Amino acid sequence: MMLRLLVLLASLVSLTGCATGLYHPVWTAEDAPTIRLGRTVAAVLVPSESDRRLSEDAFVQYLQPAMDMTALHAAAGKGSSVPGSVDEARTQARTLGFDSLLVARVVETYEREIYRPTFGFYAGTHPYYGLWGRFPFDYWDRPGYVDTVRRSVIEVSLYSTHTKALIWSGKAETFATDSFVDQVEPLADALLKDLVARGIVR
């Protein structure tokens, strides 16, 4: 009975996760389904140049062929300036002749303390027991502990380069990693599902 209850609770948690998605909150332009994305360039604004290139390539890998994607570093070529802001990336995308721009960046990283309880257990302490004997086990209590985890808030936005308008934007909170490229697969997967559900990508 207890096993069935645990399986049911796990299923409900899974369904809840699928229903809510990764991005909270999400903003979408009212006319977003009517905007033609055309050729989209992906820009990842992170300090490390190697991480930026790998992350942009990863977005291209996970979003094609549903979207006509190109990495900004590949389109700009060698010797090009690295965009330091969303406005610079948008200007660069428009200059290169792209119709839309996908920008991903970390807007916040913080630490959170989480209390992790532990469970006590019974351990044998007496060699004898019986109807009138002592209970052969004593309860050993194991105290809980506090664990510190790092979290990142990542913003992903989609712009039209022709009108400079924001089409779609969402924020996702994930466990912080040393490299942004580790975050790209779930971000791209959730993004594509949301864009398809809203009729922005067909």
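Counting only aspartates and glutamates at least 8 places from LYS171 when in the same chain, those with an alpha carbon closer than 12 Å to its own are GLU108, GLU155.
Keeping every protein chain in place, order HIS73, HIS162 by accessible area at 1.4 Å, biggest value first, i.e. largest first.
HIS162, HIS73
Rounded to 0.05, the FRET efficiency of the ASP68 and GLU30 pair, given R0 = 22 Å and the Cβ-Cβ distance, is 0.40.
Calculate, in nm to one decimal, what ASP87 and SER50 gain on full extension: separation in residues at 0.36 nm each, minus their alpha carbon distance.
Contour length minus Cα-Cα distance gives 11.2 nm.
Computed on protein heavy atoms with a 1.4 Å probe, the accessible areas place LYS171, LYS193 in the order LYS193, LYS171, largest first.
Taking a quarter of the surface of the Cα convex hull of segment 75-115 gives a mean projected area of 4.5 nm². Stretching the chain fully between SER179 and GLU111 yields a gain of 22.8 nm (0.36 nm per residue, less the alpha carbon separation). Under 4 °C and 1.567 mPa s, how fast does segment 145-196 diffuse according to Stokes-Einstein, given a Kirkwood radius computed over C-alpha pairs? Answer in µm²/s, whole number. The Stokes-Einstein estimate is 101 µm²/s.
Order the following by accessible area, largest value first: THR163, THR91, THR174. Probe radius 1.4 Å; ligands, DNA and RNA are ignored. Write down the numbers at each step before the final one.
Working: THR163 95, THR91 70, THR174 20 Å².
The ordering from most to least exposed comes out as THR163, THR91, THR174.
The values are calculated or read from the model by the stated rules, or taken from the named source; none is laboratory data. These numbers were taken from a predicted model, which means no experiment stands behind them. For neighbour counting, all protein chains shown are included, and Cβ atoms are generated from backbone atoms with ideal geometry for every residue, glycine included. When the accessible area is computed, the model is the full protein with side chains, heavy atoms only, and any ligands, DNA or RNA have been set aside. Shrake-Rupley method; radii C 1.70, N 1.55, O 1.52, S 1.80 Å.
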